[in-house]
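Colleague: Sending over a structure as structure tokens; questions will come in a sec.
The values are calculated or read from the model by the stated rules, or taken from the named source; none is laboratory data. Here the structure is a predicted model, which is why all the values come from computation and not from measurement. Here Cβ is always computed from backbone atoms with ideal geometry, including for glycine, and neighbour counts include all displayed protein chains.
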């Protein structure tokens, strides 16, 4: 009897994981690919689960897959149960084991490309039983709904369910190419630079306004969007052509300034530092893989 119950529980947990992934990805095929199962196996397990529960969980058409009301309730409760099981397993393993598993990380584009990606190989060498899936982009992800472990963003978020750990800062600097400076001269004030063509990074609400310190005051500078993009690297590449000035994070342009490909403008206007945070969901027991990752980010970028 014990073995029958154990087998049923293991089958149910596996079915719950499949249902959650299928619901998250919106198709049996994508769910099977994510879980490394065959599509027929996923379809069969979901059919057996529905038969066992006596309800339909998914409405299937040739073009889309939607949760029924019962399916939505089942997936929500399953997500909570699976998280509790994962936490319990992590707590037990951590007493005798090294960090292991897969970390899903979302990171803003510029910091992800320039800073985080080059730092991750060292982290993986320290913790060879961990793997990382890095999603680089400026889209604001939902950590819980989309099953991310950590999100790295510029500036604080107002979500009380998240824990924010400051890992670094960035300073947004006025820059232009030497050719631009020869054509337009060196601006002396914010009012003057507003009359020049610009290449700006705007992503959602971010990048529309930046703050600077000048003569003891903090001044808001509203970015003019003559030529706007959502990628800092793309903005830098356009700025290098000499078309216009740009506002770019310091870590992206240090080498360009040192090698005279770009020139800092308005050095008397000190940029207000913008904090860079690592966010993760509040849990009763934070998984060890998240703890060691946050510690590593603080070690590498905190200085």
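Colleague: Return yes or no: is residue 196 in contact with a helix residue (DSSP H, G or I) (Cβ under 8 Å, 6 or more places away or on another chain) and closer than 30 Å to residue 161 by Cβ?
Modeller: no
Colleague: Test of understanding: among 167, 193, which residue is surrounded by 15 or more Cβ atoms within 10 Å (Cβ to Cβ), within 22 Å of the chain's Cα centre (by Cα) and in contact (Cβ under 8 Å) with a residue 60 or more places away in the chain?
Modeller: That would be 167, the only listed residue that is surrounded by 15 or more Cβ atoms within 10 Å (Cβ to Cβ), within 22 Å of the chain's Cα centre (by Cα) and in contact (Cβ under 8 Å) with a residue 60 or more places away in the chain.
Colleague: Okay, moving on. Please identify the pairs in which a residue from region 198-209 that is in the same structural domain as residue 235 (by TED's automatic domain parsing) has its Cβ atom under 6 Å from the Cβ atom of a residue that is buried (at least 21 other Cβ atoms within 10 Å of the Cβ) and part of a strand (DSSP E or B), counting only partners at least 6 apart or on another chain.
Modeller: 198/245; 199/246; 207/201
Colleague: Could you go through region 249-262 and let me know if any residue there is touching a strand residue (DSSP E or B) at 6+ places or on another chain (Cβ under 6 Å), buried (at least 18 other Cβ atoms within 10 Å of the Cβ) and not in a helix (DSSP H, G or I).
Modeller: yes
Colleague: Let me ask something additional. It is to be established whether one or more residues within region 78-96 are surrounded by 13 or more Cβ atoms within 10 Å (Cβ to Cβ), assigned to a strand (DSSP E or B), outside the structural domain of residue 268 (by TED's automatic domain parsing) and in contact (Cβ under 8 Å) with a residue 24 or more places away in the chain.
Modeller: no
Colleague: Something else about it: Identify the residue in region 273-285 that is surrounded by fewer than 14 Cβ atoms within 10 Å (Cβ to Cβ) and out of contact with any helix residue (DSSP H, G or I) (no Cβ under 9 Å at 6 or more places or on another chain) and, among all such residues, is farthest from residue 219 (Cα to Cα).
Modeller: Within region 273-285, the match that is farthest from residue 219 (Cα to Cα) is 282.
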